[in-house]
1. Within segment 113-127, can you find the residues that are in contact with a helix residue (DSSP H, G or I) (Cβ under 6 Å, 6 or more places away or on another chain), within 24 Å of Asp77 (Cβ to Cβ) and of a type in the set (S, T, N, Q)?
2. Taking segment 253-279 as the region of interest, how many residues are outside any loop (DSSP other than H, G, I, E, B), closer than 26 Å to Ala164 by Cβ and out of contact with any helix residue (DSSP H, G or I) (no Cβ under 7 Å at 6 or more places or on another chain)?
3. Hey, can you tell me all the residues within segment 130-175 that are in a loop (DSSP other than H, G, I, E, B) and of a type in the set (A, V, I, L, M)?
4. Going by the structure shown, is Phe170 out of contact with any helix residue (DSSP H, G or I) (no Cβ under 8 Å at 6 or more places or on another chain), modelled with pLDDT of 90 or more and within 25 Å of Ala257 (Cα to Cα)?
5. For segment 20-35, which positions are crowded, with 18+ Cβ neighbours inside 10 Å and under 20 Å from Gln340 (Cα atoms)?
6. Looking only at segment 209-218, decide whether some residue is under 26 Å from Arg320 (Cβ atoms), among the aliphatic types (A, V, I, L, M) and in a loop (DSSP other than H, G, I, E, B).
7. So, Tyr4, is that one in contact with a helix residue (DSSP H, G or I) (Cβ under 7 Å, 6 or more places away or on another chain) and either touching a residue at least 40 places away in the same chain (Cβ under 8 Å) or in a helix (DSSP H, G or I) (or both) or not?
Amino acid sequence: MTVYYNDFPQSDRDEYIKMINLDELEERAKKVMPEGAYYYIASGSENEWTWRNNTVAFNHFQIVPRALTNMADPQLDTDFMGMKLKTPIMISPIACHGIAHQDAEVATQKGAAAAGALFSSSTYANKSVEDIAAAAPEAPRFFQLYLSKDWNFNQMVFDAIKKAGYQGIFLTVDALVSGFREANLRTQFAFPVPLDFFTRYQGTKGEGQTVAQMYASSAQKIGPEDVKRIKEMSGLPVFVKGVVCAEDAYLAIGAGADGIVVTNHGGREIDGGPATIDMLPEIAKAVDHRVPIVFDSGVRRGSHVFKALALGADLVGIGRPYLYGLALGGAKGVQSVIEQLNKELLIDMQLTGCKTIADIRHAKITNINYTADNLRSNTDPERIKPYPVTKENQLKAGVTDTVSGASHL
C-alpha cells in the first residue's frame, strides 16, 4: 500500500522481508519509492568512487578460517557504553526516514529494538525524539548532532534528547558542507516531509529545501573546543563522528571525546577519499582502546561486520540497507535487515572459532590490496537505467518534480 504526504508517496508496509542478501533490496526498493527519494539514499558524491570502494575495499582484508576450535553456538551479545545489546550491528543516523516510510524514524526505532540493536537518530529526523523514544522506551538510542550556528537551537536539542532518554551524541564533523551529490541535482531532490526540530524551533517545516540548503544552517566551523562545550551543555557522552585518520583520532580524544566514529559519510562527502575499512587499522592503533570505536560506511555483509570488529571496531553501523528495509517492510523490514547480517555474521564466527564478539577482536585477518573500479556514477546519462514506474511510487497528478524528482504515470 501507499499513503501520501502532500502528494508525496510513502510506504506503509509492515512485513518481514525474505531475502538472500542485502544487495537485492536496493533494486526492490525502487518499486515503492519515488526516484528522487530513492537516489537521495542510493548515491554518493561526484563519480561515487569512494561510495563504491567503501564496500569493495572490504576485499582488501581476508578472514582466515580456523579448524579444530572445538567451539559451537556463537553468541552476538555485546556491551557498549553500559548498554546490553543483542548484536554488534547498529543503526547509523540518516536524515528524513519519511522518504522511505510514513512512520519514519518511529518504525526504524521499533525495528532496531526488536533486533536488540542500538539506534541513532538524526538532527534532520522527521519524527520527534519524544515519539521515537515512546516507540521503544527501554531501547538504547544515541542522537546524531549537526551542530547549529545557533547555540540556542543546540541547547533546545540537548534538553529534548536528554529528557527523551537518549544516551549519547554522535557529533558529525565531516559534513560541514554538502558533498557534490550529482544524483540529487539530476532529480532536483528536496526534503519533502517536515523535519521536527525545524518545525518546533523556527515554525517552518524544512520542506522543499535541498540538502545543500539544509547544511547551510549548520556550523561550518567546528573545533576541539566545541566538543567540550557540547559535553558541558548536554551532560551526555560525545562521540566525534567523521574520523578517517589517526591524526583526527588523537585530536578527538585530546578534546575530551568519549568515543569516535570512523566514517566517510557513506561516500556522500569527499569523493576520491579512502574507504573507511582501509583506514580503520591505523585509527584503532592510535586509539589503543582508550575510547570505543564505532565504524560505518559500505557494510553489506556479515563478513564486513566481522572484519570491522576484527580490525578494531566496537560497534558496526549500517545505513542505506536499513532504509531499503524500512521502505519494503517498515519496522519489520528494518529488523529483517539486521537479522540477515546477524545470520551471516554467526556463520563467520562459527568458521573462525569465535564464541563471542570479544573473540572476533583476536581473529586472524590478512591484508592483500586489490584494485577497485573507477566507473562513472550510476546516475550518469551513459549508465543510468530506466526507473520503474508503478502505482506505488508516483506523485499525484499536477505535482512538480522539484520536490521529489519522481517521474509521472
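1. The one that is in contact with a helix residue (DSSP H, G or I) (Cβ under 6 Å, 6 or more places away or on another chain), within 24 Å of Asp77 (Cβ to Cβ) and of a type in the set (S, T, N, Q): Ser121.
2. Residues in segment 253-279 being outside any loop (DSSP other than H, G, I, E, B), closer than 26 Å to Ala164 by Cβ and out of contact with any helix residue (DSSP H, G or I) (no Cβ under 7 Å at 6 or more places or on another chain): 3 in total.
3. Ala136, Ala139, Leu147, Ala164, Val173, Ala175, listed by residue number.
4. So Phe170 fits the description; yes.
5. Within segment 20-35, the first condition is being crowded, with 18+ Cβ neighbours inside 10 Å, and the residues that meet it are 22, 25, 29-30, 32-35.
Selection gives Leu22, Leu25, Ala29.
6. Here is the first cut: in segment 209-218, the ones under 26 Å from Arg320 (Cβ atoms) are 209-218.
Filter once more, keeping what is among the aliphatic types (A, V, I, L, M): 211-212, 214, 216.
In the following step, the residues that additionally are in a loop (DSSP other than H, G, I, E, B) were identified as none.
Looking for residues that are under 26 Å from Arg320 (Cβ atoms), among the aliphatic types (A, V, I, L, M) and in a loop (DSSP other than H, G, I, E, B), one finds none in segment 209-218, hence no.
7. Against the criterion (in contact with a helix residue (DSSP H, G or I) (Cβ under 7 Å, 6 or more places away or on another chain) and either touching a residue at least 40 places away in the same chain (Cβ under 8 Å) or in a helix (DSSP H, G or I) (or both)), Tyr4 does not qualify.
So that you can scan it fast, the table gives a plain yes or no per residue for (1) closer than 28 Å to Ser43 by Cβ; (2) in a loop (DSSP other than H, G, I, E, B); (3) in contact with a helix residue (DSSP H, G or I) (Cβ under 7 Å, 6 or more places away or on another chain); (4) aliphatic (A, V, I, L, M):
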| residue | (1), (2), (3), (4) |
| --- | --- |
| Ala284 | no, no, no, yes |
| Arg290 | no, yes, yes, no |
| His304 | yes, no, yes, no |
| Gly317 | yes, no, no, no |
| Tyr322 | yes, no, yes, no |
| Ala327 | yes, no, yes, yes |
| Gly333 | yes, no, yes, no |
| Cys354 | no, yes, yes, no |
| Ala363 | no, yes, yes, yes |
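The values are calculated or read from the model by the stated rules, or taken from the named source; none is laboratory data. Please read all numbers here as calculations on a predicted model, not as lab measurements. Every residue, glycine as well, gets a Cβ built from its backbone with ideal geometry; the counts of neighbours run over all protein chains shown.
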